[in-house]
Structures are given as C-alpha cells and as structure tokens.
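**Student:** My structure is below; once you've seen it, I'll send some questions.
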Amino acid sequence: MYVAVKGGERAIANAHALLDHSRRGDHAVPEIAPKQIREQLALAVDRVMAEGSLYDRDLAALAIKQARGDLIEAIFLVRAFRTTLPRFGHGEPADTAAMQIRRRISATYKDLPGGQVLGPTFDYTHRLIDFALAAGAPVAEPAEAGEGEPADTPHVTALLDGEGLIERNPPQPSGRPVGDLTREPLAFPADRDLRLQNLARADEGFLLAMGYSTQRGYGRTHPFVGEIRFGEIEVEFVPEDLGFAVPLGRIQVTECEMVTQFKGTAETSPQFTRGYGLVFGQSERKAMSMALVDRALRAREFGEDVVAPAQDEEFVLSHSDNVQATGFVEHLKLPHYVDFQAELGLIRQLRREHADRAAAAGFTREAAE
Amino acid sequence: MTQDLPLLSVRRLGKSYGARTGCRDVSFDIHAGEVLAVVGESGSGKSTLLNVLSTQLAPTTGEIHYRMRDGVMRDVFALSDAERRFLLRTDWGFVHQDPAQGLRMTVSAGANVGERLMAVGQRHYGHIRHTAVDWLGRVEIDAGRIDDAPRSFSGGMRQRLQIARNLVTHPRLVFMDEPTGGLDVSVQARLLDLLRGLVADLGLSVVIVTHDLAVARLLSHRIMVMRHGTVIETGLTDQVLDDPREPYTQLLVSSVLQV
Amino acid sequence: MNAPTLTGYNFAYLDEQTKRMIRRAILKAIAIPGYQVPFASREMPMPYGWGTGGVQVTASVIGPQDVLKVIDQGSDDTTNAVSIRAFFARTAGVATTTATADATIIQTRHRIPEAPLTDGQILVYQVPIPEPLRFLEPRETETRTMHALEEYGLMHVKLYEDIARHGHIATTYAYPVRVAGRYLMDPSPTPKFDNPKMHMSPALQLFGAGREKRIYAVPPYTRVVSLDFEDHPFEVNRFDKPCALCGAHGVYLDEVVLDDRGGRMFVCSDTDHCGTRQEQGHRGDLSTPREGSAA
C-alpha cells in the first residue's frame with residue numbers, strides 16, 4: 001500500500017546511465033569528437049568560454065559534448081571546473097588597439113584609418129536553409145588580403161577623443177585594485193570594473209533583452225556603434241618574481257564601443273559618453289548588448305533618473321548570471337513537500353473556519369427571518 | 001524653561017545644485033503649536049526647503065536644530081542615521097501631496113496606521129487594531145474599511161489615511177507638502193477643516209508648503225513668502241495677507257479669491 | 001558507501017585558501033549571531049539553489065574523522081540528499097550515516113531532525129533566500145540599512161496583515177525569528193514546527209546561501225524567538241493523527257496520497273526517527289512489514 005516516494009541511490013545511478021546512453025544517440029551515426037565541436041561549432045564554443053569565464057576552446061568543446069549541446073549546462077560545467085583552479089593574479093590591461101583584426105566595422109564613419117573590414121559574418125547573408133550543407137558541399141577558398149603594410153587601426157573613440165568630443169574613460173578609483181566578483185562577493189553600489197565583469201559573464205539572452213529595452217525607451221542612451229572589432233590580442237602577465245610582463249598567449253575577443261548620449265554641465269562642455277562591451281570569442285550580439293547595458297548602468301554617474309530596469313544596477317547585476325538563474329529556477333523541482341504540507345495544513349484550517357463562519361452567518365440570518 | 005525654546009530653529013539654510021540655487025539664507029524659528037505656511041509659486045524653492053528641513057536633502061549651508069523630547073536642542077544633521085530615522089517615524093510626520101508616496105498602497109488601511117506603532121515596538125495586535133480604528137474615526141474614515149487597501153480609496157480618503165498614519169505616534173512636528181493639491185474643491189474644504197481641528201486638538205507644530213494662499217490663511221499662524229529661493233516677506237498670516245509690503249506678495253494676494 | 005575518493009581534487013573539493021575564506025566568514029557569523037556575512041561563494045559542481053551554500057559550509061568545516069548525515073525534507077533518501085552525501089563520500093572519503101545521534105555534521109534542507117541535537121554537533125542549513133525582509137523590500141542596500149538600524153517594524157506589518165486577512169499568522173515555513181535579541185533571521189524554509197528546536201540548541205547551527213553569497217549562524221545555547229503578537233502568540237503546526245507507521249505524536253508528518261479517491265496517510269518526515277522507532281517496536285495504524293518496498 002505504501003509506495004515509497006524516495007529517490008534511492010540506485011534510481012539516481014540508473015538515471016545517470018540513461019543520460020549517458022541518450023547522449024550517444026543512434027549508434028549508427030558516428031560519434032562526434034570534441035575537436036569537431038571546437039572547429040565546426042566555434043560560436044557555441046565561444047559562448048561557453050565567455051559565459052563560463054574561462055578561455056579554453058578544447059574544454060568548452062568537451063563541455064558542450066557532455067551537456068548534449070545544452071549551452072547553459074556546458075557553461076555550468078566550465079564554471080564548476082574554473083572554481084578548482086588557483087588564481088595567480090590578473091593580466092595586464094589588454095591593448096585592443098593592437099588587435100590583429102579579423103573584422104572591424106564602424107557605423108559612425110563611412111571610411112576611417114584601418115578601414116572597414118567585414119570578416120566572417122552572418123550579416124548580409126540571406127537566412128535561407130542551405131540544403132547543400134547537408135550534403136557536405138566543398139567550401140570555396142576565401143579571398144586573400146592585398147599586399148602591403150598592415151594598416152594601423154586606431155579606435156574610433158580615440159579619433160573622437162582627439163577632438164575632445166567624447167569623455168575620457170573614467171579611471172579606476174585610485175588605490176583600489178581591479179575587483180573580481182568570483183573572489184569577493186558583489187556589494188551594491190558596484191563600481192564599473194565589477195559591473196563590466198558581471199556583464200561579461202552574463203547570459204547573452206538576458207543582456208540582449210536588457211539592451212533591446214533601452215532602445216525601446218526603457219532608459220534610452222541614443223547609441224551609435226563607434227566600432228566593433230573582432231580578432232586576436234596578446235595577454236600579458238607580470239609574475240611577482242620577475243617584475244616585468246611576459247606574454248601568456250593570444251586570445252580572440254570581440255570588442256564594442258558605443259558612442260552614446262552627450263552630456264554637458266555649466267562647467268564642462270558637451271561630450272559624447274561611452275558604453276563598453278568585451279567578450280571572449282566572436283559574439284557581436286553580446287558585445288553590443290553589453291555596451292548598451294554598461295551605458296544604461298552609468299545613469300547614476302551622469303545624474304540621470306534611474307527609471308528603467310536596464311539602469312537598475314541591483315536588478316541587472318543580480319539577475320544576469322545564467323548559472324545562478326537556472327539553478328534557482330530549476331531547484332523548484334526538488335521536493336518541497338515539507339513546506340507544502342505546512343501550507344496544506346493552513347489552507348485546510350482557513351477553509352474550515354470560513355465554512356464555520358458562513359454556517360454561523362446563515363444560521364443567524366435564518367433566526368432573524 | 002525648555003518650553004521657551006523653539007521646537008525647530010533654522011539658521012542661514014541654503015541648498016544649491018551645482019550652479020543652480022534651490023533655496024538660500026533661510027532662517028526662522030517654530031514654537032510648539034505653531035503653524036508656519038511657506039508660500040510661493042512653483043520654482044520658488046519652497047519644496048527644496050521642505051525637503052532640507054525634513055532631512056531628506058542635505059543642506060549646502062546653514063543649520064537646523066530641533067528640541068528633542070528630552071528638551072535638548074540637537075543639530076539634526078549631526079544625528080546618527082538611526083536617531084534621525086527614529087525621529088522621522090516617531091516625533092515627526094511628513095504628509096506628501098501624493099498619498100501614494102506616503103502610504104503603503106498594497107497593505108490594508110489598518111496596517112498603514114499601525115506600522116509606526118509596530119516600528120516602535122508595540123506587539124499587541126488587539127491594541128494596534130484598536131488604535132487604528134480610533135484614528136480612522138478621527139480622520140472620518142469608516143471603521144469598516146480598516147482591512148481594505150488604500151488602492152480602493154478615493155483621493156480624499158487616501159489623504160486622510162496618510163494623515164492618520166503620520167499622527168498615530170503623536171508627533172510634535174509635521175511637514176506637509178501641498179496636502180490639498182490635486183483634490184476637488186469640495187474635498188479640499190473638508191480636508192482643511194479636518195486638518196485645522198486636528199492641529200488645534202493635538203497642539204501640533206506644522207510647516208506647510210502651499211501655493212494656495214487660501215490654505216495658508218485657514219491653517220497657519222505665520223507665513224513666509226518665497227521667491228527665487230529666498231524669503232522675501234514674513235510675518236503673521238493675517239497681517240501679511242491683508243497688508244502685504246512686498247510688490248510680489250501684493251501680486252500673489254491680489255490674484256486669489258479671499259476666503 | 002564505498003565509492004573511491006575522487007582523484008585530482010582537494011579534500012572536500014574546495015581548495016584550502018577558499019576554505020580559509022569561508023571559515024573566516026563562519027567565525028564572523030558566529031560572533032554576530034543572525035547577521036548575514038557576505039562571502040565569495042564559489043561555483044560548485046551542483047546547481048545554485050540545490051544546496052551550494054550548505055555544501056561550501058560543510059566542505060569548510062568537515063575533517064577526515066567527521067561522520068556526515070545529509071537530509072532533504074527530513075529524509076536521508078531523497079534524491080538531493082543522496083547526491084550531496086555521495087559528493088562528500090567521494091571528495092572527502094568521510095564516513096556517512098543516517099542516524100542523527102551518530103553524526104557530527106548534519107547538512108539539511110527544510111527540516112531539523114526530531115531527535116534532539118547534542119553538544120558538538122553541527123547542523124548546516126541550505127538557504128535559498130537568506131534575507132527575511134526580501135519580499136517586503138527587494139533592495140539589498142535598503143535591507144542592510146534596516147538590519148543595521150534594527151528597523152523591523154515592516155516584518156510585523158506583514159504578520160498584522162496575515163491576522164487581519166486570515167485570523168492567523170499565515171506564515172507556515174521560513175517563519176522569521178529574532179536571534180539573541182538582535183538580528184532578524186530567516187531560518188531557511190523549514191516548517192515553523194521546527195523553530196522551537198533552534199532555541200537554546202546545544203548544537204552549532206550554520207546557514208549557507210550559495211547563490212546569494214551569505215553565511216549566518218546561531219551559536220550553541222542562543223535565544224531564538226519566533227516573531228508574534230502578544231495576543232496572537234507563535235504556534236507550531238499541529239497534526240490530528242500520529243504517524244501511520246511508527247505511531248509517533250508531536251512530530252512533523254508528510255502527507256502521502258494513496259489513491260485518487262481521497263485516500264491519505266500521514267507519516268514521519270524524519271525517516272531516521274521513524275525507522276528507529278519502528279525498530280524499537282513502535283507501530284502505527286497502517287504499518288506493514290517493510291521488506292520489498294519499491295524503490
């Protein structure tokens with residue numbers, strides 16, 4: 001009669017075995033290798049590295065395989081692995097002006113030093129399912145760049161700054177090292193370094209929606225894409241016992257600099273303001289959204305009214321992390337029967353009392369009639 | 001002895017926002033039971049002044065001293081956060097023009113009135129509820145509405161509820177920001193009548209900001225006329241309104257109907 | 001449980017530096033009972049909301065000689081309890097038990113064991129939302145000020161509203177308490193039935209909220225008082241019947257639906273307590289031989 005509602009260790013082990021089996025799918029189809037994911041699902045790998053906050057293409061590819069393509073699950077795996085790694089320190093500020101560029105576009109100038117470099121992009125493709133891909137059609141060789149000196153590619157914001165048209169990047173408050181929210185709990189109000197770190201790790205979909213909301217009037221910033229650049233940069237680190245910077249390697253990043261709503265006061269003449277986005281790998285959607293939200297979150301700094309969700313630091317920073325969000329949403333499937341029992345008891349009691357009152361009221365009405 | 005001291009003493013108070021002046025060089029005293037009206041057009045600095053007086057804004061210059069219940073005059077901006085917030089929810093009141101700013105719109109009228117009591121440690125539900133019923137009666141709200149949320153109340157009722165919520169701890173000083181603004185004329189008259197009675201019964205000191213000289217005449221003992229952030233004329237209400245010295249005050253007075 | 005200890009990871013998963021950081025937070029929490037200490041919560045290999053806070057606290061206080069018990073909803077055998085117990089068996093190689101009396105550390109979600117705890121035991125709670133004022137005031141900056149200034153009137157407004165609307169305080173779990181006469185604290189979503197067990201408990205009670213990055217504590221023999229009104233005193237949940245399996249009175253019961261015609265039975269939520277009583281020969285109305293029950 002009494003059917004146990006308990007999970008049981010064996011049931012859990014069986015569930016995990018079934019998961020492994022489902023992951024493999026039909027054995028008639030060749031098993032996918034992590035390096036295939038690394039090479040052919042590169043943008044998925046980029047997203048897992050960015051939101052997993054760990055630059056390792058092979059590890060991200062393996063995580064995607066293990067997670068059966070569920071990217072948030074893969075991000076979670078990477079994050080849990082990241083926890084176990086020791087932290088040696090932080091890199092030197094990366095020089096994105098020296099980026100080896102694969103793509104660089106500006107929406108504010110038709111032509112500019114360094115030029116518009118389209119690079120590998122979905123933009124301007126027609127979104128038609130390409131059935132030839134299913135058949136494994138051969139891929140044409142890409143065009144080679146022309147001969148000549150590689151052009152200097154200064155930031156668009158540097159060009160604007162040359163004329164004093166845009167605010168200087170506000171410096172890190174002196175005496176305080178750059179924060180790391182994976183080592184110190186985030187406290188509010190948070191400075192921009194921590195906000196940017198939070199946004200760089202944030203869920204792409206969440207940032208996209210927040211950035212989008214600013215365009216639709218919930219915290220408008222009048223943004224222009226100063227530029228988006230994607231390519232390789234060098235990461236340098238100063239080991240304590242050496243005392244000088246040594247290169248650690250090269251990583252791919254996407255950077256977006258938004259030129260936004262200008263500000264001026266009685267003392268300072270009007271200048272454009274900035275929103276900044278930087279993510280691992282190639283993800284313009286995320287870098288742009290990040291730049292929009294970064295600017296929106298600077299509302300307090302510019303004395304703007306904080307009225308929209310994207311301007312609300314506690315709201316944005318507390319809900320941007322998909323590993324936190326998915327855990328808490330999905331924990332609702334854990335048993336809650338102890339709490340539910342307490343609610344059941346109360347609601348039964350309240351209904352009983354309600355019925356008693358109704359009965360008593362009915363009785364007095366009858367008596368009065 | 002301490003009764004001779006003013007309740008609130010304001011000296012050379014000023015508030016500026018960068019280059020723009022909110023108010024400047026404001027000095028006055030209020031004694032127990034006294035009602036001071038601050039009048040002027042919008043932009044005259046009267047709302048800025050009220051926000052500084054009630055410590056919601058920090059002044060740029062000047063000082064405010066308040067006679068605490070122990071009789072000691074204290075600099076209100078030198079109080080700790082805890083002391084200041086305690087003062088704000090016990091000995092002071094603040095009636096907003098928009099009742100939604102001063103009420104908790106999602107909790108019942110009874111809880112709105114009872115909140116200050118619970119904040120100072122009352123822990124007997126029956127007593128809190130009894131006090132709430134009493135106060136609802138004093139502001140002419142039917143006791144049967146005690147469990148309704150202010151959302152279902154009319155504008156005039158909400159304003160009366162906000163007044164009850166403020167007065168339940170028997171504050172000695174109440175700030176009012178255009179308390180009759182936004183209400184129909186007939187509703188205004190009833191509210192003014194009620195306020196006048198409560199102020200007299202309780203011996204409240206009030207600083208009331210209004211652009212409506214009729215309100216000032218009905219409620220206040222003294223009046224302060226503000227323009228461009230400064231006080232241009234001050235005196236007994238009847239005197240100032242019947243015989244204004246400043247041309248600007250004369251203009252204000254001539255543009256309203258006599259009550 | 002004989003699973004081999006996981007290679008490549010430190011004892012109890014976390015590195016020693018992280019454990020030191022968490023221990024500092026725990027010591028601070030013990031020094032200020034009921035105060036929420038922010039800590040740099042790490043990403044753990046289980047999801048946020050599934051006990052990462054409790055796991056980090058346990059990982060920081062556990063030693064090789066400890067004996068660990070893990071319960072969820074009072075039971076040692078629910079999925080999440082099994083998973084967390086297996087995690088520590090693999091990463092720390094510690095002995096595990098289901099017997100409350102044998103455990104030195106008990107990690108729990110939503111219950112306090114029925115058997116009284118004793119000196120030297122540590123009870124580690126998993127906490128989803130540590131801030132008791134959160135649903136009254138969503139802003140962290142504001143709730144921290146309210147705690148700092150001891151402004152807890154708003155919590156009573158909530159209780160007042162309950163009584164005005166329902167005639168009772170309608171909070172049945174996560175029932176707010178005052179600790180050592182100072183801090184307002186969320187006891188985690190335990191049923192209020194368990195609140196009195198927190199008061200003057202000989203055991204050390206530690207609370208970990210991983211996603212919200214907070215640790216708080218109730219040291220042994222500390223006053224823990226459930227909020228109430230003088231004329232509506234705090235009351236625990238009551239059950240009309242004893243446990244159908246072991247006949248225990250005054251324990252928290254789970255409702256088990258037997259069929260779709262309204263058939264119900266009520267059994268101990270604390271499975272160890274129930275099993276121990278049955279071994280001692282106690283019987284309830286519906287107890288049957290338990291061999292071969294389905295898993």
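**Student:** Determine the dipole magnitude for segment A:11-82: charges of +1 sit on the beta-carbon of Lys and Arg, -1 on that of Asp and Glu, nothing else is charged, the reference point is the Cα centre, and the result goes in debye to the nearest 20.
**Tutor:** The calculated dipole for segment A:11-82 is roughly 100 debye.
**Student:** Note the count of lysine pairs whose C-alpha atoms are less than 19 angstrom apart in chain C, limited to pairs 8 or more residues apart or on different chains.
**Tutor:** Value for chain C: 6.
**Student:** How large is the accessible surface per residue of chain A, computed with a 1.4 Å probe and reported in Å² as a whole number?
**Tutor:** Accessible area per residue: 59 Å².
**Student:** Give me the one-decimal nm value for the distance between modelled label points at residue A:83 and residue C:240, 7 Å along each residue's Cα-to-Cβ direction.
**Tutor:** Between residue A:83 and residue C:240, the simple spin-label model gives 4.5 nm.
**Student:** Give me the summed buried accessible area for the C-A pair, 1.4 Å probe, to the nearest 100 Å².
**Tutor:** Buried area between the two chains comes out at roughly 4700 Å².
**Student:** To continue, here is another question. Within a 10 angstrom radius of each residue's Cβ in C:263-272, how many Cβ atoms of other chains show up on average? Whole number is fine.
**Tutor:** 1
**Student:** So, counting K/R as plus one and D/E as minus one, what does the shell of residues with Cβ under 10 Å around residue A:279 add up to?
**Tutor:** That sum, taken over residues with Cβ under 10 Å, equals -1.
**Student:** For peptide C:52-63, compute the average count of partner chain beta-carbon atoms within 10 Å of each residue's beta-carbon.
**Tutor:** Partner Cβ neighbours, averaged per residue: 0.
**Student:** Take the solvent-accessible surface of the protein heavy atoms, probe 1.4 Å, and return the percent of it on chain A that carbon and sulfur atoms account for.
**Tutor:** In chain A, the share of accessible area belonging to carbon and sulfur is 58 percent.
**Student:** Once you average over the residues of C:121-131, how many Cβ atoms of partner chains fall within 10 Å of each Cβ?
**Tutor:** 1
**Student:** Order the following by accessible area, largest value first: C:50, B:92. Probe radius 1.4 Å; ligands, DNA and RNA are ignored.
**Tutor:** Most to least solvent-accessible, the answer reads C:50, B:92.
**Student:** Using a/c under 1.5 as the rounded threshold, could you call segment C:26-120 rounded, prolate or oblate? The axes a ≥ b ≥ c are square roots of the C-alpha gyration tensor eigenvalues, and prolate needs a/b larger than b/c, oblate otherwise.
**Tutor:** rounded
**Student:** Rounded, prolate or oblate: which fits segment A:11-82, taking a ≥ b ≥ c as square roots of the Cα gyration tensor eigenvalues, rounded meaning a/c under 1.5, else prolate when a/b beats b/c?
**Tutor:** Note, shape of segment A:11-82 comes out oblate.
**Student:** Local charge sum around residue B:177 (other residues, Cβ-Cβ under 14 Å, Lys/Arg +1, Asp/Glu -1)?
**Tutor:** -2
**Student:** Next question, about the same structure. Hey, can you grab everything whose amide H is under 5 Å from the amide H of residue B:93? Only 5+ residues off in sequence or another chain; H modelled, so Pro and N-termini drop out.
**Tutor:** B:173, B:174, B:175
**Student:** How far apart, in nm, are two points set 7 Å out from the Cα along the Cα-to-Cβ line at residue A:351 and at residue A:112?
**Tutor:** 6.6
**Student:** With angles folded into 0 to 90 degrees, how steeply does helix B:109-119 sit against the dominant principal axis of chain B? Use alpha carbons for both and round to 10.
**Tutor:** The answer is roughly 80 degrees.
**Student:** Residue A:286: which aspartates and glutamates have alpha carbons under 16 Å from its alpha carbon, excluding same-chain residues fewer than 8 sequence positions away?
**Tutor:** Correct list for residue A:286: A:46, A:51, A:123, A:203, A:204, A:227, A:255, A:257, A:294, A:321.
**Student:** Cα extents of chain A along the three principal axes, largest first, in whole Å?
**Tutor:** 101, 70, 54 Å, listed from the longest principal axis down.
**Student:** With an 8 Å cut-off on Cα pairs and a minimum separation of 6 or more residues, tell me the relative contact order of chain C in percent.
**Tutor:** 20
**Student:** Straight-line reach from residue B:15: which lysines have a Cα under 30 Å away, not including same-chain ones fewer than 8 places off?
**Tutor:** A:263, B:46
**Student:** Using Stokes-Einstein with the Kirkwood hydrodynamic radius over Cα pairs, what translational diffusion coefficient do you get for chain C at 37 °C and a viscosity of 0.692 mPa s, in µm²/s rounded to a whole number?
**Tutor:** It comes out at roughly 163 µm²/s.
**Student:** Now, a different point. Could you work out the relative contact order of segment B:99-170, using alpha carbon pairs under 8 angstrom and six or more residues apart, expressed as a whole percent?
**Tutor:** Relative contact order of segment B:99-170: 48 percent.
**Student:** Still on this structure, please answer the following. Would you rank B:255, B:16 by solvent-accessible area, highest first, keeping every protein chain in place and using a 1.4 Å probe?
**Tutor:** B:255, B:16
**Student:** I would also like to ask the following. Relative contact order of chain A, please, whole-number percent, based on alpha carbon pairs below 8 angstrom and at least 6 residues apart.
**Tutor:** Relative CO of chain A lands at 16 percent.
**Student:** With only alpha-carbon atoms in the gyration tensor, what are the semi-axes of the equivalent ellipsoid for chain B, in Å, largest first?
**Tutor:** 30, 23, 16
**Student:** Using amide H atoms built 1.01 Å from N in the peptide plane, name the residues 5+ places from residue A:274, or on other chains, whose amide H lies under 5 Å from its own.
**Tutor:** Counting only residues 5 or more places away or on other chains, the set is A:260.
**Student:** Nearest 10 degrees is fine. How inclined is helix B:125-138 to the longest principal axis of chain B, computing both from alpha carbons?
**Tutor:** Once rounded, the angle reads 50 degrees.
**Student:** Angle between the Cα long axis of helix B:185-202 and the longest principal axis of chain B, 0 to 90 degrees, nearest 10?
**Tutor:** 80
**Student:** Return the Cα extents of segment B:99-170 along principal axes one, two and three, sorted largest first, each rounded to a whole Å.
**Tutor:** 30, 23, 21
**Student:** Percent of Cα-Cα pairs per 20 Å bin, from 0 to the last occupied bin, for the protein assembly as shown, please list those.
**Tutor:** 11, 33, 34, 19, 2, 0
**Student:** What is the distance, in nm, between label points placed 7 Å from the Cα along the Cα-to-Cβ direction at residue A:135 and at residue C:101?
**Tutor:** About 7.8 nm, to one decimal.
**Student:** Going by the alpha-carbon gyration tensor, a ≥ b ≥ c the square roots of its eigenvalues, is segment A:52-183 rounded (a/c under 1.5) or, if a/c is not under 1.5, prolate (a/b greater than b/c) versus oblate?
**Tutor:** Verdict is oblate for segment A:52-183.
**Student:** Could you work out the helix-only [θ] at 222 nm for the protein assembly as shown, with each DSSP H run of four or more residues adding -39,500 (n - 2.57) and the total divided by the number of residues, to the nearest 500 deg cm²/dmol?
**Tutor:** After summing the helix terms and dividing by residue count, I get -10500 deg cm²/dmol.
**Student:** Kindly identify residues of segment C:27-41 having a loss of at least 40 Å² in accessible area between the isolated chain and the assembly of all protein chains, probe radius 1.4 Å.
**Tutor:** In segment C:27-41, residues shielded by partner chains: C:40.
The values are calculated or read from the model by the stated rules, or taken from the named source; none is laboratory data. Because the structure is a prediction, the values reported are computed rather than measured. Ideal geometry is used to build each Cβ from the backbone, glycine not excepted, and the neighbour counts take in all protein chains shown. Side chains are part of the model used for accessible areas, which takes the heavy atoms of the whole protein and leaves out ligands, DNA and RNA. Shrake-Rupley method; radii C 1.70, N 1.55, O 1.52, S 1.80 Å.
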